[in-house]
Amino acid sequence: MNERVSNALPALLPLLFLAVICAGILMMAGSLSRDRIESNRRTAQLRLIAEVMYLPYDNDLLSDRLQISDRDYFAAGTPVGVYRAHKDGQPIGLVFMPVMASGYNGLIELAVGVTYNGELTGVRVHQHRETAGLGDQIHQNRSSWISGFDQRSLANTPVAAWGVSSDGGDFDQISGATISPRGVIKAVRNTLDYYAIHKNELYK
Amino acid sequence: MAIDYTTTDKPVSAELLLIPPLLALSTTLIISFTAGLMFLFLFAAIAVSVSLLRHFISWRLRIPFLLLIIATWISLFEMVLMVYFYGLREQFGVYLPLLACNSLVFSVAEEYYLRLPLRLSLQHAVRTGLVIFLLFVTTGTFRELLAFGSLGTGMTWTGSALHLDPHLPDTVTGLAITRAAPGAFLCLGLLIALWNYCTGRYRGARQQPA
């Protein structure tokens with residue numbers, strides 16, 4: 001046993017040496033690229049947030065961020081980021097991201113923008129795995145379905161109207177897909193409900 | 001040179017079967033172009049490092065050795081993508097790190113670069129990389145044309161540099177199947193059929209008695 005170990009050691013040494021070198025290279029590359037990668041990530045996030053928050057604001061939206069979590073309103077109890085837009089110190093609106101909706105193939109990640117008065121500025125799909133050609137019509141690149149949320153609020157859309165038209169709601173149907181739009185509508189409505197109840201805490 | 005490689009008796013179509021994880025993502029020209037280019041550089045980098053270091057490593061330890069080299073290169077490639085083409089990195093998702101255990105990369109490295117001297121390894125890597133690059137570009141062109149009716153969305157040439165900004169074309173028309181992952185296999189199947197037709201293998205196989 002001992003003999004075998006001592007025979008293997010000289011063969012192992014170059015490999016170990018190489019492993020240390022590789023680790024060193026990766027550490028160096030990692031520390032060199034970290035800042036750029038972080039700023040790229042923020043830019044990508046900001047782009048999506050800017051799409052749903054078209055109202056003018058003058059604060060750094062990405063750093064004015066709350067983290068909330070509420071099992072009753074947000075699917076799977078995943079933490080939701082709340083980005084708060086202000087102009088001249090006055091609250092303008094919020095962007096909730098990611099809001100998880102339950103789709104046909106797992107969770108759909110949404111960005112939901114709400115004005116101070118509780119009106120939707122817009123909803124965008126960030127990530128999803130819905131069926132191509134059917135459920136993926138919820139995505140802004142695939143159809144204009146998601147713009148059906150623009151300017152809606154709890155005040156101008158009664159409870160019964162938050163559904164696809166085949167369920168008696170106000171939103172267009174997507175042929176061949178019922179689960180994906182239902183999930184998105186429910187998630188957006190829950191977000192508005194949450195906003196209505198917690199509005200004051202969210203701007204604090 | 002690239003065509004040379006495909007005409008050797010090595011069953012290229014069998015090797016093609018090992019590529020699909022990334023090929024399935026090649027929905028548009030921009031994605032497949034960069035993925036193909038990445039394969040080309042990846043093969044060259046692995047060929048050079050494996051070939052240079054092969055004498056220092058005992059044959060019995062070749063598998064951890066290859067894993068180490070391949071995983072290091074892929075991590076470096078990933079960082080480069082995240083620094084310069086962040087959007088592309090998001091498109092590749094989990095498939096990029098998964099390349100570290102891609103059997104094509106691995107088997108080619110073990111079969112050739114561990115045995116061949118530097119020049120031959122590099123030559124082989126460039127050939128393989130070019131074939132894969134062509135395959136990716138063809139698939140990407142085919143799929144983007146049929147699924148979106150556009151070509152080269154997100155790629156802009158400013159005269160001095162190529163700008164890559166991957167986003168799917170804004171369209172609601174097109175063939176859904178070419179947008180979905182099976183579209184890649186459809187294209188691959190058509191390519192192989194075309195290839196077999198051109199080389200006459202198809203006819204030869206048919207004429208053989210059952």
Given (1) within 14 Å of chain B (Cβ to nearest Cβ); (2) of a type in the set (D, E, K, R); (3) within 22 Å of A:D193 (Cβ to Cβ), number of the condition A:D70 does not satisfy: (1)
Let me confirm something: among A:L62, A:L55, which residue is away from every other protein chain (no Cβ under 12 Å), open to solvent by less than 70 Å² (accessible area, probe 1.4 Å), farther than 30 Å from B:L53 by Cα and touching a helix residue (DSSP H, G or I) at 6+ places or on another chain (Cβ under 7 Å)? A:L62
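Per-residue answers, yes or no, for (1) in contact with a strand residue (DSSP E or B) (Cβ under 9 Å, 6 or more places away or on another chain); (2) surrounded by 20 or more Cβ atoms within 10 Å (Cβ to Cβ):
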| site | (1), (2) |
| --- | --- |
| B:T34 | yes, yes |
| B:L53 | no, no |
| B:W59 | no, no |
| B:L67 | no, no |
| B:V94 | no, no |
| B:E111 | no, no |
| B:L120 | no, no |
| B:A125 | no, yes |
| B:L134 | no, no |
Of the residues that make up the range A:172-180, is at least one open to solvent by 40 Å² or more (accessible area, probe 1.4 Å), part of a loop (DSSP other than H, G, I, E, B) and under 16 Å from A:A101 (Cβ atoms)? yes
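Determine whether B:R119 is farther than 30 Å from A:Q140 by Cβ, of a type in the set (D, E, K, R), modelled with pLDDT under 70 and part of a helix (DSSP H, G or I).
no
Residues are listed down the side, and each one gets a yes or a no for (1) at pLDDT below 75; (2) over 28 Å from B:Y86 (Cα atoms); (3) out of contact with any helix residue (DSSP H, G or I) (no Cβ under 8 Å at 6 or more places or on another chain):
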| position | (1), (2), (3) |
| --- | --- |
| B:G140 | no, no, no |
| B:W157 | yes, no, yes |
| B:D165 | yes, no, no |
| B:T171 | yes, no, no |
| B:R179 | yes, no, no |
| B:F185 | no, no, no |
Could you list, ordered by first residue, the pairs with Cβ atoms under 8 Å in which the first is in the range A:29-49 and more than 8 Å from chain B (Cβ to nearest Cβ) and surrounded by 14 or more Cβ atoms within 10 Å (Cβ to Cβ) and the second is in a helix (DSSP H, G or I) and not charged (D, E, K, R), at least 6 apart or interchain? none
Restricting attention to the range A:128-156, which residues are more than 13 Å from A:V52 (Cα to Cα) and at the interface with chain B (Cβ under 9 Å from one of its Cβ atoms)? A:T131, A:A132, A:G133, A:L134, A:D136, A:Q137, A:H139, A:N141, A:R142, A:S143, A:S144
Restricting attention to the range A:80-96, does a residue exist that is closer than 30 Å to A:A177 by Cα, open to solvent by 30 Å² or more (accessible area, probe 1.4 Å) and not in a strand (DSSP E or B)? no
Filter the range A:13-27 for residues that are closer than 14 Å to B:E78 by Cα and either more than 7 Å from chain B (Cβ to nearest Cβ) or touching a strand residue (DSSP E or B) at 6+ places or on another chain (Cβ under 6 Å) (or both) and give the result. A:M27
All-but-one check, A:G122 against (1) modelled with pLDDT under 85; (2) away from chain B (no Cβ under 13 Å), failing number (1)
With the structure loaded, tell me whether B:V48 is within 16 Å of the chain's Cα centre (by Cα) and of a type in the set (A, V, I, L, M) or whether it fails that test. no
Count of residues meeting criterion [of a type in the set (A, V, I, L, M, F, W, C) and either in contact with a Phe, Trp or Tyr (Cβ under 7 Å, 6 or more places away or on another chain) or touching a residue at least 60 places away in the same chain (Cβ under 8 Å) (or both)] in the range B:80-95: 3
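The values are calculated or read from the model by the stated rules, or taken from the named source; none is laboratory data. Small disclaimer: the values here were computed from a predicted structure and weren't measured. Because the Cβ atoms are built from the backbone with ideal geometry, glycine has one as well, and the counts that use them run over all protein chains shown. Heads up: the accessible areas ignore ligands, DNA and RNA and are worked out on the full protein's heavy atoms, side chains in. Shrake-Rupley method; radii C 1.70, N 1.55, O 1.52, S 1.80 Å.
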